[in-house]
Amino acid sequence: SINNYGFPKITKLNLEKMDDAMVQRLENISRSFAALTERLGDPDVINDPKLLRQVMSERSKSEEIVGAFDEYQTCIGDYDGAKELFQESAGDEDMREMAREEMKDLEPKIENLMSRIQILMLPTDPNDDRNVMLEIRAGTGGSEANIFAGDLLDVYRKYCQANGWQATLIDTNTGDDGGYKSVTMDVKGDKVYSKLKWEAGVHRVQRVPATESQGRVHTSTATVAVMPECDEVDVKVDMKDIEMSTMRSGGAGGQNVNKVETAVDLFHKPSGIRIKCTQERSQLKNKELAMKMLMARLYDIENEKREIEERAQRGSQIGTGGRSEKIRTYNWKDSRVSDHRLKQNFPLSQFLSSDIGPMIEAMIAMDQEEKLKVAME
Amino acid sequence: RDLVRRRLEHEPIQYIIGEWDFMDFTIKCRAPTLCPRPETEELVEHVIHQIQNDQQQHKDNDNNPIQILDVGCGTGAIGIALARAFPQAEVTAIDIAPEAVALSNENARLLQLSDARYKAQLCSAADFTTEASTAATSVMKFDYVVSNPPYIPFNDMETLTPDVRDHEDFGALCGGDDGLNVVRDIVAMLPQWAGESKCTCWMEVDVSHPIMIRDWIGGSGNDDVNKFVEYRQDLCGRDRFVRLEVS
């Protein structure tokens with residue numbers, strides 16, 4: 001009989017332990033972890049803040065799995081000891097019973113530890129720990145789409161706050177009747193990308209718009225892009241490929257004019273991406289912000305390719321990973337949110353009160369399940 | 001209400017708020033000292049790249065401080081930006097307006113730049129000889145001269161919008177008939193300011209100037225010492241910046 005995680009159910013006195021190859025891998029990880037722990041005491045490392053951070057970050061990646069493996073080794077040791085006691089105490093019924101009880105107690109513990117370790121060993125998204133730039137762009141539907149984009153922004157802002165993340169608007173393009181044609185938000189915090197990435201895609205809304213006088217239901221869309229932050233290491237941009245200009249009106253410039261128009265227009269020729277940055281008070285800051293947004297977008301394009309490939313390979317059921325995929329429909333009349341990847345419905349009120357955690361957790365669980373299946377093959 | 005009234009009278013927003021951002025820092029702005037324009041940020045960027053390139057090429061060279069002269073410092077934006085970008089730089093700044101000198105020094109102190117790193121003094125370009133220089137920079141030997149001098153030709157002054165014309169210092173804007181009065185002073189003084197070694201001079205000028213300056217200095221000009229290296233356009237596509245060199 002197989003348990004939920006694909007491990008053989010523990011039968012009496014017949015615990016199936018981890019295979020040797022797995023144990024070997026885990027012992028290697030533990031050794032590297034110990035070495036990194038030692039490095040933290042090295043004066044060369046202590047006196048170099050950047051190096052110290054690197055070592056600490058590297059070490060913390062394996063901390064959980066090393067801890068789980070340690071526990072596993074201890075439990076196995078206790079289990080073997082109890083088994084030995086059981087075998088050696090033939091005839092002593094009380095002793096045997098004690099030993100059997102101990103083995104019974106340890107079995108589920110060991111089972112859980114093994115499945116925990118299995119999950120920790122799964123390939124993770126390299127971008128999971130990163131901060132993000134979240135961009136909402138109104139799609140089809142005119143003013144109503146702009147308003148819907150604004151509704152999505154409200155939900156995400158509250159969700160970020162609830163998670164203790166720092167969210168700052170860095171570019172806004174308001175709609176004439178409310179909401180936004182497009183809006184970009186910088187989100188900083190713990191493991192932001194690992195959660196928000198599941199919001200990327202096309203969101204569709206079906207409701208009677210505020211601007212609709214005859215009570216007809218309209219369908220509009222908004223596209224959410226979640227771009228992990230990146231730097232020159234992740235994305236190489238050749239300045240020769242970039243055309244930058246100001247968005248100032250004609251006529252004289254320089255000393256002749258003091259209109260504080262510091263907006264910048266950036267065009268990246270190879271990709272065709274155009275970014276307009278108006279937010280900052282200094283031209284330099286707008287230039288830097290435009291470059292940051294360009295790099296985030298280019299990096300996201302690469303990530304998208306990789307994800308589409310990876311999901312196709314495992315025959316994923318939770319969507320293609322493409323950024324223009326329709327992921328959810330919000331229906332006001334039926335008060336529900338349908339997630340097309342989970343093939344599940346959620347109450348609209350939950351969404352409107354910014355409680356998107358359950359939807360995100362469900363995506364994470366499904367993603368993990370799929371990865372586990374692949375790991376087992 | 002008072003703020004709105006001031007804005008309706010075309011008072012520059014930087015004066016009303018009292019400060020504005022320049023590159024990655026904030027400086028105090030006060031009438032009638034010229035408020036820094038975005039083009040001037042580009043001027044500073046060119047100088048920064050220049051200095052970085054020069055440093056790359058002379059890596060083995062001295063740990064001597066880089067000597068920079070900012071002519072017509074105004075709010076102090078240019079010199080302060082360079083001092084911030086290069087911790088080993090020592091900036092001397094001059095201006096003919098006492099308000100500008102005071103404001104430049106005030107901004108420098110507010111941004112944690114000591115006297116030794118940034119000092120503005122009251123002096124015109126033409127009068128800035130070795131004797132005029134204060135004790136702080138008694139060595140007349142600048143590696144870089146940077147300037148955003150008054151450069152608007154006299155006839156263009158009447159085309160200016162009220163916010164500029166009625167509130168900012170005429171002396172900080174008008175450069176004489178062709179706009180090149182102060183530029184000429186700078187070019188005349190450059191060999192003296194350069195001392196023994198190479199000196200690079202970057203200036204922001206009127207759109208009509210780069211070609212004129214090139215033809216005057218570079219081509220058949222009677223100037224053997226100064227060399228016209230290049231001119232560049234600003235982000236609006238206008239001829240705006242010139243680079244000269246004294247060897």
Exercise. Looking at B:THR75, is it over 16 Å from B:CYS201 (Cα atoms), assigned to a loop (DSSP other than H, G, I, E, B) and within 14 Å of another protein chain (Cβ to nearest Cβ)?
Worked result: yes
Problem set entry | Filter result for A:ARG297 (in contact with an Asp or Glu (Cβ under 8 Å, 6 or more places away or on another chain) and of a type in the set (D, E, K, R)) | no
Exercise. Considering B:ALA120, B:ALA194, B:ALA172, which residue is of a type in the set (Gly, Ala, Ser) and in contact (Cβ under 8 Å) with a residue 60 or more places away in the chain?
Worked result: B:ALA172
For this session: Could you list, in sequence order, all residues of segment A:15-31 that are in contact with a Lys or Arg (Cβ under 9 Å, 6 or more places away or on another chain) and in a helix (DSSP H, G or I)?
Result: A:VAL23
For this session: Report yes if some residue within segment A:99-120 is hydroxyl-bearing (Ser, Thr, Tyr) and not in a helix (DSSP H, G or I); otherwise report no.
Result: no
Exercise. Tell me, which strands (runs of 3 or more DSSP E) lie completely within segment B:193-247 with 1 or more residues that are open to solvent by less than 40 Å² (accessible area, probe 1.4 Å) and within 14 Å of another protein chain (Cβ to nearest Cβ)?
Worked result: B:199-204, B:239-246
Exercise. In segment B:58-78, which residue that is at pLDDT below 95 and of a type outside the set (D, E, K, R) is surrounded by the most Cβ atoms within 10 Å (Cβ to Cβ)?
Worked result: B:GLN67
Seminar exercise, completed: The residue that is nearest to the chain's Cα centre (by Cα), considering only those in segment A:64-79 that are aromatic (Phe, Trp, Tyr) and under 11 Å from A:ILE117 (Cβ atoms), is A:PHE69
Exercise. If only one of B:ALA81, B:ALA93, B:ALA102 is over 20 Å from A:GLN283 (Cβ atoms) and touching a residue at least 24 places away in the same chain (Cβ under 8 Å), which one is it?
Worked result: B:ALA93
Problem set entry | Residue satisfying condition, being among the aliphatic types (A, V, I, L, M) and either in contact with a His (Cβ under 9 Å, 6 or more places away or on another chain) or within 25 Å of A:LYS285 (Cβ to Cβ) (or both), within set A:VAL187, A:VAL155, A:VAL202, A:VAL217 | A:VAL187
Exercise. If you go through segment A:158-174 one residue at a time, do you hit one that is in a helix (DSSP H, G or I) and of a type in the set (A, V, I, L, M)?
Worked result: yes
Seminar exercise, completed: The residue from A:GLU63, A:GLU101 that alone is out of contact with any Leu (no Cβ under 9 Å at 6 or more places or on another chain), open to solvent by 50 Å² or more (accessible area, probe 1.4 Å) and more than 30 Å from A:ASP44 (Cα to Cα) is A:GLU101
Exercise. Is it the case that some residue within segment A:228-238 is within 14 Å of chain B (Cβ to nearest Cβ), surrounded by fewer than 18 Cβ atoms within 10 Å (Cβ to Cβ) and free of Cβ contacts under 8 Å to residues at least 12 places away in the same chain?
Worked result: no
Exercise. Residues of segment A:1-41 being closer than 21 Å to A:GLU370 by Cα, open to solvent by less than 60 Å² (accessible area, probe 1.4 Å) and modelled with pLDDT under 80, which ones?
Worked result: A:ASN3, A:GLY6, A:PHE7, A:PRO8
For this session: Answer with yes or no whether A:GLU199 is closer than 23 Å to A:THR320 by Cβ, out of contact with any Cys (no Cβ under 9 Å at 6 or more places or on another chain) and modelled with pLDDT of 90 or more.
Result: yes
For this session: Return the total of residues in segment B:154-164 being more than 10 Å from every other protein chain (Cβ to nearest Cβ) and either closer than 18 Å to B:CYS35 by Cβ or open to solvent by less than 40 Å² (accessible area, probe 1.4 Å) (or both).
Result: 1
Exercise. Which condition does A:ASP300 not pass, out of (1) buried (at least 16 other Cβ atoms within 10 Å of the Cβ); (2) on the phi > 0 side of the Ramachandran plot; (3) more than 14 Å from every other protein chain (Cβ to nearest Cβ), if it passes all the others?
Worked result: (2)
Problem set entry | Odd one out for B:GLU168, checked against (1) within 14 Å of chain A (Cβ to nearest Cβ); (2) assigned to a loop (DSSP other than H, G, I, E, B); (3) of a type outside the set (A, V, I, L, M); (4) open to solvent by 30 Å² or more (accessible area, probe 1.4 Å) | (4)
Problem set entry | Condition broken by B:THR92, with the remaining ones in (1) of a type outside the set (A, V, I, L, M); (2) loosely packed, with under 13 Cβ neighbours inside 10 Å; (3) assigned to a strand (DSSP E or B) satisfied | (2)
For this session: Check B:ALA81, B:ALA108, B:ALA100 and return the single one that is assigned to a helix (DSSP H, G or I), within 12 Å of another protein chain (Cβ to nearest Cβ) and either open to solvent by less than 10 Å² (accessible area, probe 1.4 Å) or more than 30 Å from B:VAL187 (Cβ to Cβ) (or both).
Result: B:ALA81
Exercise. Residues of segment B:18-52 being hydrophobic (A, V, I, L, M, F, W, C), farther than 19 Å from B:ALA172 by Cβ and within 10 Å of chain A (Cβ to nearest Cβ), which ones?
Worked result: B:MET23, B:PHE25
Exercise. A:LYS285: open to solvent by 70 Å² or more (accessible area, probe 1.4 Å), more than 24 Å from A:HIS203 (Cα to Cα) and of a type in the set (Lys, Arg), yes or no?
Worked result: no
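The values are calculated or read from the model by the stated rules, or taken from the named source; none is laboratory data. All figures in this text were calculated on a predicted structure; none of them were measured in a lab. Virtual Cβ from ideal backbone geometry, glycine too; neighbours counted across all protein chains shown. Accessible surface is based on the protein model in full, side chains and every heavy atom, while ligands, DNA and RNA are left aside. Shrake-Rupley method; radii C 1.70, N 1.55, O 1.52, S 1.80 Å.
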